[in-house]
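Q: Got a structure here, written out as structure tokens. Questions coming.
Values quoted throughout were computed directly from the atomic coordinates according to the rules given, and no laboratory measurement underlies them. Being a predicted model, the structure only gives us computed values, none of them experimental. No Cβ is skipped: glycine too gets one built from the backbone with ideal geometry, and neighbour counts run over all protein chains shown.
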Amino acid sequence: MILNILLTLTLLMGRVKSDPDPLQDFCVSPPPSSHQQIFLNGKLCKDPTQASVSDFSTSALSRPGNTKTKPFMINVTVTTTANLPGLNTMGLTMARLDFGGSGVVPPHVHPRASEVTVCLDGVLLVGFVDTSGRVFTQELHPGETFVFPKGLIHFLYNIDTVSSALAVSGLSSQNPGTQIVSLSSFISKPPFLVEVLKSAYDINGQDVARIRKSLEG
């Protein structure tokens with residue numbers, strides 16, 4: 001009897017599909033007594049018969065971005081359902097990355113997506129670190145490609161101090177999310193407790209204040 005029950009449960013579990021990945025950071029359930037509202041994991045869909053070819057194309061990535069913004073000297077332009085409506089529910093995002101001299105996409109994570117990047121112009125140093133602390137880095141020349149696993153800290157850096165660089169990335173989520181490690185740590189709202197940052201980065205209170213001021217500027 002027990003063996004039959006276990007076998008039945010095993011077969012049932014094999015037929016159960018996992019929950020879909022979330023497209024937002026969180027979805028808090030309202031209390032039973034509150035007024036119910038619907039928040040979709042994605043965007044609403046329009047009548048398919050009203051779709052047109054313009055829904056599936058965009059020129060958003062054709063225009064160079066401003067790389068003069070400090071401190072990182074980069075500009076990232078992404079496709080969204082606002083500029084590419086046909087992207088909805090397709091599970092992907094495209095991004096154009098413009099780098100000024102020494103521009104860097106600082107260490108960051110995409111909690112909901114893996115990423116593949118193609119260097120189009122210039123030379124980029126790219127890399128990621130796995131959960132054991134092992135670092136994988138590579139110089140990317142025009143036409144070369146690198147993949148960043150989902151949820152791992154990674155970076156992209158223009159090794160030329162003067163000339164610009166250009167890359168295009170594809171991400172495996174409609175809303176991959178981006179958390180830059182330094183910004184999330186030092187200029188969160190409300191801010192992290194100074195004692196936490198001092199211990200985590202082995203720095204003093206003056207260092208915390210200086211880094212915060214620099215990143216906010």
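Q: For the cross-link pairs LYS46/LYS68; LYS68/LYS213; LYS150/LYS213, which exceed 29 Å when the distance is taken from alpha carbon to alpha carbon? List each step's numbers first, then the result.
A: Numbers: LYS46/LYS68 39 Å; LYS68/LYS213 19 Å; LYS150/LYS213 31 Å.
Going by Cα-Cα distance, LYS46/LYS68; LYS150/LYS213 fall outside the 29 Å limit.
Q: Using mean Cβ contacts within 10 Å as the protection proxy, how do 56-63, 110-117 order, highest first?
A: Details: 56-63: 11.9, 110-117: 19.6.
The most tightly packed comes first, giving 110-117, 56-63.
Q: Calculate the spin-label point distance for ILE159 paired with THR80, positioning each point 7 Å from the Cα along the beta-carbon direction, and give it in nanometres.
A: Result for the modelled spin labels: 3.4 nm.
Q: Another question, then. Using the alpha-carbon centroid of each, what span in Å lies between the range 47-103 and the range 142-214?
A: Rounded to whole Å, the Cα centres lie 20 Å apart.
Q: I need the phi-derived Karplus couplings for the range 113-127: 6.51 cos²θ - 1.76 cosθ + 1.60, θ = phi - 60°, integer Hz, Gly and Pro marked x.
A: 7, 8, 9, 10, 10, 10, 7, 9, 8, x, 10, 10, 9, 10, x
Q: Search the structure for amide H atoms under 5 Å from the amide H of ILE153, placed 1.01 Å from N in the peptide plane, and list their residues when 5 or more places away or on another chain.
A: VAL129
Q: Further question: Excluding PHE146 itself, calculate the net charge of residues whose Cβ lies under 10 Å from the Cβ of PHE146, where each Lys or Arg counts +1 and each Asp or Glu counts -1. Numbers along the way, then the final one.
A: Details: positive: none; negative: GLU115, GLU139, GLU144.
For residues surrounding PHE146, the net value is -3.
Q: Evaluated at 25 °C with a viscosity of 0.890 mPa s, what Stokes-Einstein diffusion coefficient in µm²/s does the range 63-177 have when Rh comes from the Kirkwood expression over alpha-carbon pairs?
A: Values: Rh = 14.3 Å.
Calculated translational D: 172 µm²/s.
Q: Using mean Cβ contacts within 10 Å as the protection proxy, how do 188-201, 76-89 order, highest first?
A: Working: 188-201: 11.4, 76-89: 16.5.
The densest-packed peptide leads the list: 76-89, 188-201.
Q: What does the charge count near PHE99 come to, summing +1 for each Lys or Arg and -1 for each Asp or Glu among other residues with Cβ under 10 Å from its Cβ?
A: Working: positive: none; negative: ASP98, ASP121, ASP160.
Taking every other residue near PHE99 into account, the sum is -3.
Q: What does the charge count near ASN66 come to, summing +1 for each Lys or Arg and -1 for each Asp or Glu among other residues with Cβ under 13 Å from its Cβ? Present the calculation step by step, with values, prior to reporting the outcome.
A: Values: positive: ARG63, LYS68, LYS70, ARG96; negative: ASP98.
Here the count lands on +3.
Q: How far, in nm, would the chain grow between ASP21 and ASN88 when pulled straight, counting 0.36 nm per residue and subtracting the alpha carbon separation? Kindly include the intermediate steps, with their values, before the conclusion.
A: On the way: separation 67, 0.36 × 67 = 24.12 nm, distance 1.46 nm.
Additional length available on full extension: 22.7 nm.
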